[in-house]
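K.L.:
Dropping a structure here in structure tokens format, bear with me for questions.
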Amino acid sequence: MGMESKTLLNKQIPKLVKQPITRVQLSQYAGASGDFNRIHIDEEFARNSPLKGVIAHGMLSMGFLGQYLDKIAGDDFHVKNFKVRFRAMVRPGDTITCAAEVMNEENQVISLDLKALNQHNEPVILGEAILLAKEEEGYL
Amino acid sequence: MFKDRIGKQSNKVKNVVERGAVKKFAEAIGDLDPIYFDEETGENSRYKANLAPPTFPRTFDYGDIEGLNLPNKGLIHGEQTFHYERPLRVGEEVFCFAKVKNYFEKKGNFGEMGFLVIENYGEDVSGALIFSSTSTVVISEAVRKVLVK
């Protein structure tokens, strides 16, 4: 397959530091995803709710990890499995950093441990993923 | 109240992985990888196509599951998974449906919490699976009480 040299084992995967989340971004994500839940976009509604203010879509932070995964995968691998657990609220102004560690790699299958951390280094998402080498044929 | 919905599923809905929708979705995430929207990058890539970001299936219409009425507030997204047989290609048609996989209740810090597990599927025109995804939604006792009324 000509991909023998592509390996992540024993390599430090650079972290991905995202720009701070903005309210505009939450509206943008609401429009792009179709998730217009008021807790993400309506400040007055959110302030009067038990959450006391707007929170980011969990799927936006998972999207950051998706960006990170696609970046790690490059053009040689694709995302096969991607699983997350949402651990903490994310608010506008928070800065999310994505981090990954290679847990295993064999036969062109890479297992990763994933974390999305906020600016206080607290995990907001914990997850795992499996990347698989893209097949040469049989796709289109 | 969700228990009797286990196993119920929606009718398939045809979705299209629209080029503009993929671009807007990637932009909202702040992910400007040209593989999502630049045609030349797509043509020169291994699959000779633009691809959708891994969480893009969030945007699809999966149809309605009869009798499953979720509140529009008070839900907590607990877990989410995506499983891909192959990447999603920009421009292709995807036939989507949803199924109630499980519902159970567990005592937690905020009373009896309900866990609703919904499985979403995306198939190609021949019925072959492209992806599936699982969402676990946590519903608090307080919210469920309102629903019963």
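The values are calculated or read from the model by the stated rules, or taken from the named source; none is laboratory data. As the structure is a prediction and not an experimental result, all values here were calculated from the model. Methodologically, a virtual Cβ is constructed for each residue, glycine included, from the backbone with ideal geometry; neighbour enumeration extends over all protein chains shown. Heads up: the accessible areas ignore ligands, DNA and RNA and are worked out on the full protein's heavy atoms, side chains in. Shrake-Rupley method; radii C 1.70, N 1.55, O 1.52, S 1.80 Å.
K.L.:
Using mean Cβ contacts within 10 Å as the protection proxy, how do B:101-112, A:66-77, A:110-121, B:62-73 order, highest first?
P.N.:
On the way: B:101-112: 12.2, A:66-77: 20.7, A:110-121: 17.8, B:62-73: 13.9.
Peptide ranking by packing, descending: A:66-77, A:110-121, B:62-73, B:101-112.
K.L.:
Something else about it: May I ask which of A:Lys11/B:Lys107; B:Lys3/B:Lys73; A:Lys11/B:Lys101; A:Lys11/A:Lys52 have a Cα-Cα span longer than 32 Å here? Please list the in-between numbers first.
P.N.:
Details: A:Lys11/B:Lys107 42 Å; B:Lys3/B:Lys73 20 Å; A:Lys11/B:Lys101 38 Å; A:Lys11/A:Lys52 42 Å.
Those over the limit are A:Lys11/B:Lys107; A:Lys11/B:Lys101; A:Lys11/A:Lys52.
K.L.:
P(r) for chain A, please, calculated from all Cα pair distances in 5 Å bins and given in %.
P.N.:
Final binned percentages: 2, 10, 18, 18, 16, 12, 9, 7, 4, 2, 1, 0.
K.L.:
Tell me which of A:Tyr68, A:Ala46, A:Phe86 sits at the most positive position along the dipole axis of chain A, charges placed on C-beta atoms (Lys, Arg +1; Asp, Glu -1).
P.N.:
After comparing all options, I get A:Ala46.
K.L.:
Considering the options B:Gly111, B:Tyr121, B:His83, tell which one lies farthest towards the positive end of the dipole of the range B:72-133, charges being +1 on Lys and Arg and -1 on Asp and Glu at the Cβ, about the Cα centre.
P.N.:
B:Gly111
K.L.:
Given labels modelled 7 Å from the Cα in the Cβ direction, how far is it in nm from B:Phe110 to B:Val16?
P.N.:
Going by the 7 Å Cα→Cβ label model, 4.0 nm.
K.L.:
Using only atoms on other chains, find how many Cβ atoms lie within 10 Å of each Cβ of peptide B:62-73 and report the average.
P.N.:
1
K.L.:
Can you give me the Cα centroid spacing of the range A:64-106 and the range B:26-56 in angstrom?
P.N.:
17
K.L.:
Next up: Counting protein heavy atoms only and a 1.4 angstrom probe, how many square angstrom of accessible surface do chains B and A bury in total, to the nearest 100? The partial results should precede the final answer.
P.N.:
On the way: alone 9090 and 8800 Å², together 14770 Å².
The B and A chains share an interface burying roughly 3100 Å².
K.L.:
Under a point-charge model restricted to the Cβ atoms of Lys and Arg (+1) and Asp and Glu (-1), what is the dipole moment magnitude of the range A:64-126 relative to its Cα centre, in debye to the nearest 20?
P.N.:
On the way: 7 positive and 9 negative charges, 81 e Å.
The calculated dipole for the range A:64-126 is roughly 380 debye.
K.L.:
Over all residues in B:79-88, what is the mean tally of Cβ atoms on other chains that come within 10 Å of each residue's Cβ? Working shown, then result.
P.N.:
On the way: counts 6, 10, 8, 10, 6, 7, 1, 7, 7, 1.
That average works out to 6.
K.L.:
Quick one: if you stick a label point 7 Å off each Cα along the C-beta vector at A:Ser49 and A:Gln19, how many nm between them?
P.N.:
2.5
K.L.:
Further question: I'd like the Karplus ³J(HN,Hα) series for the range A:119-125: coefficients 6.51, -1.76, 1.60, θ = phi - 60°, whole numbers in Hz, and an x wherever there's a Gly or Pro.
P.N.:
Ordered by residue, 3J(HN,Hα) equals 5, 9, 6, 8, x, 9, 9 Hz.
K.L.:
Quick check for me: using +1 on Lys/Arg Cβ and -1 on Asp/Glu Cβ, what's the dipole size of chain A about its Cα centre, in debye to the nearest 20? Each step should come with its number before you reach the end.
P.N.:
Details: 16 positive and 18 negative charges, 147 e Å.
Charge dipole, chain A, about its Cα centre: 700 debye, nearest 20.
K.L.:
Where the only charges are on Cβ atoms (+1 Lys, Arg; -1 Asp, Glu), what is the dipole of the protein assembly as shown about its Cα centre, to the nearest 20 debye?
P.N.:
Details: 37 positive and 40 negative charges, 275 e Å.
Roughly 1320 debye for the protein assembly as shown.
K.L.:
Using a 1.4 angstrom probe on heavy atoms only, work out the carbon and sulfur share of the accessible area of the range A:85-140 in %. List each step's numbers first, then the result.
P.N.:
Numbers: 1270 of 2960 Å².
After summing per-atom areas, the C and S share lands at 43 percent.
K.L.:
Okay, moving on. Quick one: which residues, 5 or more positions from A:Arg91 or on another chain, have an amide H under 5 Å from its amide H? H modelled 1.01 Å from N in the peptide plane, none for Pro or chain starts.
P.N.:
Here A:Ala56 satisfy the definition.
K.L.:
Related question: Quick one: accessible area per residue over the range A:1-97, 1.4 Å probe, rounded to a whole number of Å²?
P.N.:
Values: 4920 Å² over 97 residues.
Roughly 51 Å² per residue, with all protein chains present.
K.L.:
Please average, across the residues of A:86-96, the number of beta carbons from any other chain that are within 10 Å of each residue's own beta carbon, and give a whole number.
P.N.:
Working: counts 7, 1, 0, 1, 0, 0, 0, 0, 0, 0, 0.
Mean number of neighbouring Cβ atoms from other chains: 1.
K.L.:
Still on this structure, I have one more. Send over a whole-number figure in Å² for the accessible area per residue of the range B:16-149, probe 1.4 Å.
P.N.:
In whole numbers, the range B:16-149 has 48 Å² accessible per residue.
K.L.:
Another question, if that's okay. Please say if the range B:1-137 is rounded, prolate or oblate, where rounded means a/c under 1.5 for a ≥ b ≥ c the square roots of the C-alpha gyration tensor eigenvalues, and otherwise the choice is prolate for a/b larger than b/c and oblate otherwise?
P.N.:
Since a/c reaches 1.5 and a/b is larger than b/c, the shape of the range B:1-137 is classed as prolate.
K.L.:
Could you please report the charge total around B:Asn44, scoring K, R as +1 and D, E as -1 over all other residues with beta-carbon less than 13 angstrom from its beta-carbon?
P.N.:
Working: positive: B:Arg46, B:Lys48; negative: A:Asp75, B:Asp38, B:Glu39, B:Glu40, B:Glu43.
It works out to a net charge of -3.
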